[in-house]
Amino acid sequence: MTATLLDGKAVAQQIRDELTSRVANVKKKLGRPPALAIVLVGDDPASEVYVRNKLKTAEDAGMGVHLERLPGATTLADVLSVVERFNHDARFDGILVQSPLPKTLGKDAEQQVFDLIDPAKDVDGFSPISAGRVVQNREGFAPCTPAGVIELLVRAKIQTEGKHAVVIGRSDIVGKPMAALLLHKNATVTICHSRTRDLPAMAREGDILVAAIGRAAFVTPEFVKPGAVVIDVGINSVTKLEDAQRIFARYPDRLEVFRKRGSVLVGDVHPDVAATAGALTPVPGGVGPLTIAMLMANTVRAAELRSR
Ligand code: GUN
């Protein structure tokens, strides 16, 4: 079997296209388009790339976007005061503080920052109020990655009701909300993690398998029930030649990317899984574009709720 590729890029485009008229309506009502404030602290290279993509996508959608850059040496009090200012700034419908924050800000810095974001502007869905609403299946903002996965499943007409969904990973921003959203779609849900006994056997029970671990090519064919729908949330950069050669031994085009750029992207799912799965999200071009599309959708919705 060769898995059908689930084209996240195309679905993300569809989602963004559907936002166009809603952006125009907000503009009519508020006299400005939906607008997002992004806070970026320090100069983490991966965050720079993510933020650049978010800025470009927002601009392309005709939305307002403001980037507040703070130096890596900023104090937590400074970050909190920026968030507080944006909470009260009527020009912004959504606030996003790019994660991770520099380690120097302390262990619970992110929690303090996300605790402070006004839930009405929490378009990332990271605040505890948003998390509670997701668990209780109430109106609110779900984190963009799991929300994007649900959009993809719905639009690809993949049935969830009565299916066994296995989520590998228990993070607050992907694994836990993913499990809750799948549960609300009437799947039977198992969450696996690093302490799960016989992880491959447990994963193999999944009709739908979501990999959100953050380890390159971790999910090999022995984790996958033949014909399963496999959703790869990971985006890992492989920078060592021997790793690239091991993972992409049978994929010369991907090795060519490594040779040209000195790195190549791989998900949490090993490419060989394509021979076992029934459907699979590619990396790149799967879940990644959906995450940003859902950020835009959440921002538009925040603006609509504010303009009612
Ligand atoms: N870092 C990596 N992904 C994300 C995201 O979706 N939102 C925020 N705020 N930070 C991130």
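FYI, it's all coordinate maths here, none of it is from the lab. Values in this document were obtained by computation on a predicted structure and should not be read as measured data. No Cβ is skipped: glycine too gets one built from the backbone with ideal geometry, and neighbour counts run over all protein chains shown.
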Is there any pair with a first residue in segment 166-177 that is in contact (Cβ under 8 Å) with a residue 12 or more places away in the chain and at positive phi and a second that is among the small types (G, A, S) and not in a helix (DSSP H, G or I) whose Cβ atoms are under 8 Å apart and which are 6 or more apart or on different chains, and what are they? G169/A211; G169/A212; G169/G214
Those residues that are away from the ligand (no atom under 16 Å from the Cβ) and under 21 Å from I15 (Cα atoms), I need them from segment 36-86; list them, please. E59, D60, A61, G62, M63, G64
Every listed condition ((1) of a type in the set (K, R); (2) surrounded by 18 or more Cβ atoms within 10 Å (Cβ to Cβ); (3) farther than 23 Å from G140 by Cβ) holds for K54 save (3)
Among the residues of segment 167-187, is any surrounded by 19 or more Cβ atoms within 10 Å (Cβ to Cβ), more than 19 Å from the chain's Cα centre (by Cα) and among the small types (G, A, S)? yes
Looking only at segment 93-146, count how many residues are near the ligand (Cβ under 9 Å from one of its atoms) and over 19 Å from the mean Cα position of the chain (by Cα). 0
